[in-house]
1. So how long is each side of segment 72-210 along the principal axes, counting just the alpha-carbon atoms, biggest first, in Å?
2. Please work out the Kirkwood hydrodynamic radius for segment 223-329, using every pair of different C-alpha atoms, and report it in angstroms with one decimal place.
3. Work out, step by step, the length gained on full extension between residue 268 and residue 177: first 0.36 nm times the residue separation, then minus their alpha carbon distance; give nm to one decimal.
4. Once fully extended, how much extra length lies between residue 312 and residue 6, figured as 0.36 nm per residue of separation less the alpha-carbon to alpha-carbon distance?
5. Considering only DSSP states other than H, G, I, E and B, which trypsin sites (Lys or Arg not before Pro) in segment 180-266 qualify as loop sites with at most 11 other Cβ atoms within 10 Å?
6. Between residue 46 and residue 239, with labels modelled 7 Å along Cα→Cβ, what's the label distance in nm to one decimal, could you check?
7. Between residue 281 and residue 200, 0.36 nm times their residue separation minus their Cα-Cα distance comes to what?
8. Any idea what the dipole of segment 12-146 comes to, in debye rounded to 20, about its Cα centre with Lys/Arg Cβ at +1 and Asp/Glu Cβ at -1?
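Throughout, read-outs are computed from the coordinates displayed, never taken from laboratory work. Remember, it's a predicted structure, so these values are computed and weren't measured experimentally. Cβ atoms come from the backbone with ideal geometry, glycine included; neighbour counts cover every protein chain shown.
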Amino acid sequence: SGPIDIDWGSLGFKYMPCPYLVVSRWPAPTEDSKGGGWSSPRATPHEPLKLEPSAVALNYGQCIFEGMKAFRHPDGSVKIFRARDHALRLQRSAERVCIPPVPEDVFLSAVAMCTACNSGYVPPYGVGSLYLRPVLLGTTAQLGVKPASDYQMVIYASPTTALFDKSVDVKLLLTQKYHRSYSNGVGSVKLAGNYAPCSLPRREAKAKGFTELLYLDGQTDSLIEECSGSNFFALVEGVLRTPSTARRTLLEGITRDSICHLARTVLHLEVVDDEDFPVELLHRASEAFITGTAATVVPVRLIAFDTPSNAEIEFKETSLAVKVGTLVKEVQNGTRPAPIGWLQPVTAADKVQSRS
């Protein structure tokens, strides 16, 4: 179906509940045809979750999630951007915190079902996207510190437009006061508990007039990592650089990977994404930007060092950020051919059919 009649231009990145959730449970109820494992996804009218106060997710943080988007194309069709890659990342997160991984077919069926059931909330072509949020949480009621024995995957949706107002200059505060993660920790996991600790540093940065923080590594304070919820890129002497994910301290961003691929194959740029990013390289950068599912690509205007040097780097150039942002959006919106497997079509049949 086509989009409903609302003021799409006023949405921004705010939560507007859609009519339906999609739910899967582990272990599957005995009446489920598959038996064991994760149950077949089921759509249900949107309502608050019912959890025991002692649920493991609430007490011990056994909760992970994904953030992804569905787009309306010029012909009216709806496609989900890089759904399989989100499925695989969610599996990696699940394994790290002892949650049974959701099989790829169950996940793809569930996100397609959520999109199809809420298809009227996919914005018109070129306006925005339907933001999809799959959440996995341990629901067992227990006092002991151990993994849950019961889990739910709940997928909710909200129509959204831009995270950042285009008129706002993004200013980053590079900090040594706080660290987001540590080597071989859980910085690469989309864990709910990774985000709350960033709230205080971000509040302090905003009070000083900055948009966001740029974190350094927790061991040496010499390597660029990422922002609270965005990956970081800089153009350094003609080479596009983004910090390596090898030390498992930062998120393996789907938008990050998309930009690396498109910059290499379309713009024919040299891209370095498998090396550490020493902070001193910032002084040789001509442009910088941050990326993520919510933000897509946003140019950085200023980086101020909250370090003994108190240095500031101002970026006047934004052309590469605009180019790569345009490329990603063209693929998402269906006006540029997508690499194989990047777009999952959604039809009315997905309201009831399982992808098996």
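1. Cα spread of segment 72-210 along its principal axes, largest to smallest: 50, 48, 25 Å.
2. On the way: mean 1/r = 0.0722 Å⁻¹.
Kirkwood hydrodynamic radius for segment 223-329: 13.8 Å.
3. Stretched out fully, the residue 268 to residue 177 stretch lengthens by 29.0 nm.
4. Once the chain is fully extended between residue 312 and residue 6, it gains 105.9 nm.
5. Answer by residue number: 208.
6. 4.7
7. Length gained between residue 281 and residue 200: 26.4 nm.
8. Roughly 320 debye for segment 12-146.
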